[in-house]
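Working notes, structure below.
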Amino acid sequence: MFRLSLRPGDWIVLLVSILLVVLLTLQSLGDRGGTPIVRIEGEDESWVYPLDADIEVEVEGPLGHTHVLIHDGAVWVSDSPCTQKVCIAAGQISAPGTFIACLPNRVLVRIEGKQEGEVDGLAF
């Protein structure tokens, strides 16, 4: 039978590695501060809005116009020219890291945690 024996230096490397993984995970999942943002990407353009805005965006794609609504801290696709309407069926999203994609019309809507000091399209 194989017996694994670790020396004191091995234990230190193992503990430091585990600690590093935990810290990096917490940092990537942690609160980035500020209001989450909605990033809407079309075939040729991109828009950034705060999630707490009340805005309707019309995104032009190869099939036509996709309508994206931001209201009451949520975002959703209200209308799209695609055939299966999966993007509409996705419903409302409101958490950073979530997204809605209309692949046939090449539209991506995602929510990101806003980083402090980050400049968005509204600042211009």
> Order of 69-76, 5-12 by packing, highest average Cβ count within 10 Å first?
Replying inline: 69-76, 5-12
> How would you classify segment 20-83 from its alpha-carbon gyration tensor, with a ≥ b ≥ c the square roots of the eigenvalues: rounded for a/c under 1.5, else prolate if a/b is greater than b/c, otherwise oblate?
Replying inline: prolate
> For Glu43, what is the net charge nearby, where nearby means another residue's Cβ is under 14 Å from its Cβ and Lys, Arg count +1, Asp, Glu -1?
Replying inline: -4
> Can you pull the three principal axis extents for the Cα set of segment 1-116, in Å, largest first?
Replying inline: 64, 37, 24
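Read the figures in this text as sums done on the coordinates, not as results from a lab. Remember, it's a predicted structure, so these values are computed and weren't measured experimentally. Ideal geometry is used to build each Cβ from the backbone, glycine not excepted, and the neighbour counts take in all protein chains shown.
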